[in-house]
Amino acid sequence: MSVDSFRFLLGDQLSHGVSSLAGLDPERDVVLMAEVVEECTYVGHHPKKIAFILSAMRHFAAELSERGVRVDYVKLDDPDNSGSFTGELERAVRRHAPAKIVVTEPGEYRVLAEMETWSDRLGVPVEIRGDDRFFCSRRDFARWAEGRKAPRMEHFYREMRKKTGFLMEPDGKPVGDRWNYDPENRKRLPKDVSPPEPKGFEPDEITREVLDLVASRFGHHFGDLEPFWFAVTAAQAERAFSHFVKTALARFGDYQDAMAQDRDTLFHSVIGLYLNAGLLDPVKVCRRVERAYRDGTAPINAVEGYIRQILGWREFVRGIYWLKMPDYAESNALEAYRPLPAFYWSGETDMNCLSQSIGQTKRQAYAHHIQRLMVTGNFALLAGIAPKEVCAWYLAVYADAYEWVELPNTHGMALHADGGYLGSKPYAASGKYIQRMSDYCAHCRYDVKETLGETACPFNALYWNFLLEQQARLQDNPRMAMPYRNLARMEPARIEAIRQQAERFLRGLEPAEAEAW
Ligand code: DLZ
Ligand code: SF4
């Protein structure tokens, strides 16, 4: 039977209000969803991430069917499954002969490039609609960024606060007369403060079936599939988010940057994966968090910090991604070419901060922003690891990662590979930063106070070595003036010893095999 239009829905477009479903006629249109091996393996995604997406897709398809929508759903283990989006569309066009195909723009440039070939390849008109699940459209962002040499998040964020009215007073001033409360958000976790557990869910029958499938097909990928506790429906995701608001939001700000031994989630909400797959709506999330401030259950430093992540940073990186792709991914401003060390795929290293951050990534497909930026990211920056390898790792191992959000955060923010377009300075730090924000060093075989010798914290020599190696590129950056002043005061003999120490360490790094998954 022929149909009017196909609505082709991707695994991170699981929102009933997504633009590709607008105007859908349940009598005449069909929604197509496809589990395809290419999406599971273009990087070797963490098994928990694959299970989350496939299970959420199946639950979403069931919700659509319950609403009377005709859904054509192709499972991964369907013997005729071609394994790719294009292949599945070709087969589906043969099944239904639609008059047209409607899609929402994807979250990755790679998929957009593929989408743009569909109309010719399939001989069916393809309408690509904008993704309006964001506060700022691609066009509005491009307009805002026009003429700015280096767009800055803080300026963009203020515009977004004014535009949306979040945390604004009626007179147009920001609540509390300050835009940003970050200086209050840098506390260590005290010994007597116990963070709550995030809300988890027992796998139902649909999820169990997906878990078996993922175990058999992708069990060899990096990461533990079980215990699987993620929400897989919008209703569950909302419960997980409400649980965060009740149990953690009030202290989210204070301990936002803290890290602690064997504490995986601290006061973080762990909802990035739900937002990015479409199970949660960023507008509702920001409204709920603002309400907590207005009704006095959470302080301004927590609420502003949280809203900034969603209204500011998340929107900003998406804007940069679409503005700068595809060239953005190709830059390598610091000329970093070293292969990714093997321990990124095992967590097996004596450096406790890395082993903690990677170990929990393996267990949870999650690490918080400071673990990503200042531990695994900082190490990759200081050691000069090739940006493409680092980006592929982040994209694979985090359940919330799609390229639109992963690439600017890793390539730009953590690795400075864009030469400072996104962030005004590299986030290079010695072991001192990690010691200040965590108790990791107390459990480490290395001594964070030492720079030279067998037991010295490797971050220290790597940090000075990085400054030395990048001196020509970075010394004129006003935000790097202090570290370069410190370097200038160092004895030449000490500088030479640091160089040798760093070189020895870097030579000893075992590279990962080409495709560790
Ligand atoms: C990440 C992912 C995975 C693992 N599997 C699928 C899938 O089988 N089918 C699907 O439609 N989407 C999947 N996704 C999400 C896509 O990779 C994502 O939609 C694109 O990368 C664009 O953001
Ligand atoms: Fe990490 Fe160095 Fe601290 Fe060990 S001593 S946990 S390597 S910062």
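Of note:
- Test: residue in the stretch 493-500 that is closer than 15 Å to Ala429 by Cα, touching a Phe, Trp or Tyr at 6+ places or on another chain (Cβ under 8 Å) and of a type outside the set (Phe, Trp, Tyr): no
- Residue in the stretch 458-480 that is over 19 Å from Asn378 (Cβ atoms) and assigned to a helix (DSSP H, G or I) present: yes
- Per-region count, the stretch 307-327, residues among the aromatic types (Phe, Trp, Tyr) and open to solvent by less than 10 Å² (accessible area, probe 1.4 Å): 2
- Qualifying residues in the stretch 440-457 (those that are part of a helix (DSSP H, G or I) and of a type outside the set (A, V, I, L, M)) - the one farthest from ligand 2 (Cβ to nearest atom): His443
- Exclusive hit being surrounded by fewer than 24 Cβ atoms within 10 Å (Cβ to Cβ), modelled with pLDDT of 95 or more and under 26 Å from Tyr109 (Cβ atoms), set Gly423, Gly384: Gly384
- Unmet criterion (only one of (1) within 15 Å of Thr104 (Cα to Cα); (2) hydrophobic (A, V, I, L, M, F, W, C); (3) open to solvent by less than 10 Å² (accessible area, probe 1.4 Å)) for Leu21: (3)
- Taken over the stretch 416-439, the criterion of being assigned to a loop (DSSP other than H, G, I, E, B) and under 15 Å from Phe379 (Cα atoms) is satisfied by His416, Ala417, Pro426, Tyr427, Ala428, Ala429, Ser430.
- Which listed residue, of Gly453, Gly420, Gly508, is more than 27 Å from the chain's Cα centre (by Cα) and on the phi > 0 side of the Ramachandran plot: Gly453
- Pick from the stretch 52-81, criterion aliphatic (A, V, I, L, M) and in a strand (DSSP E or B), ranking: farthest from ligand 2 (Cβ to nearest atom): Val71
- Restricting attention to the stretch 222-269, the residues that are in a loop (DSSP other than H, G, I, E, B), within 18 Å of the chain's Cα centre (by Cα) and of a type in the set (Phe, Trp, Tyr) add up to 3.
- For the stretch 444-453, the criterion of a residue being without any contact (Cβ under 8 Å) to a residue 40 or more places away in the chain, touching a strand residue (DSSP E or B) at 6+ places or on another chain (Cβ under 8 Å) and away from ligand 1 (no atom under 16 Å from the Cβ) is satisfied by at least one position.
- Those residues of the stretch 97-122 which are open to solvent by 30 Å² or more (accessible area, probe 1.4 Å) and either in a helix (DSSP H, G or I) or free of Cβ contacts under 8 Å to residues at least 12 places away in the same chain (or both), in sequence order: Tyr109, Arg110, Ala113, Glu114, Glu116, Thr117, Ser119, Asp120, Arg121
- Criterion (away from ligand 1 (no atom under 16 Å from the Cβ), surrounded by 15 or more Cβ atoms within 10 Å (Cβ to Cβ), aliphatic (A, V, I, L, M) and within 30 Å of Pro190 (Cβ to Cβ)) met by exactly one of Met482, Met413: Met413
- Pick from the stretch 138-186, criterion within 30 Å of Cys441 (Cα to Cα) and more than 23 Å from the chain's Cα centre (by Cα), ranking: least open to solvent (accessible area, probe 1.4 Å): Glu184
- Scanning the stretch 42-60 for residues that are open to solvent by 10 Å² or more (accessible area, probe 1.4 Å) and without any contact (Cβ under 8 Å) to a residue 60 or more places away in the chain returns no hits.
- Taken residue by residue, the stretch 319-328 has at least one member that is acidic (Asp, Glu) and at negative phi.
- Applying the criterion of being open to solvent by 20 Å² or more (accessible area, probe 1.4 Å) and touching a residue at least 12 places away in the same chain (Cβ under 8 Å) to the residues of the stretch 344-354, the residue that is farthest from ligand 2 (Cβ to nearest atom) is Trp345.
The values are calculated or read from the model by the stated rules, or taken from the named source; none is laboratory data. Keep in mind that this is a model prediction, so the values were computed, not measured. Glycine gets a Cβ as well: all are built from the backbone with ideal geometry, and neighbour counts include every protein chain shown. With ligands, DNA and RNA removed, areas are computed over all heavy atoms of the protein, side chains included. Shrake-Rupley method; radii C 1.70, N 1.55, O 1.52, S 1.80 Å.
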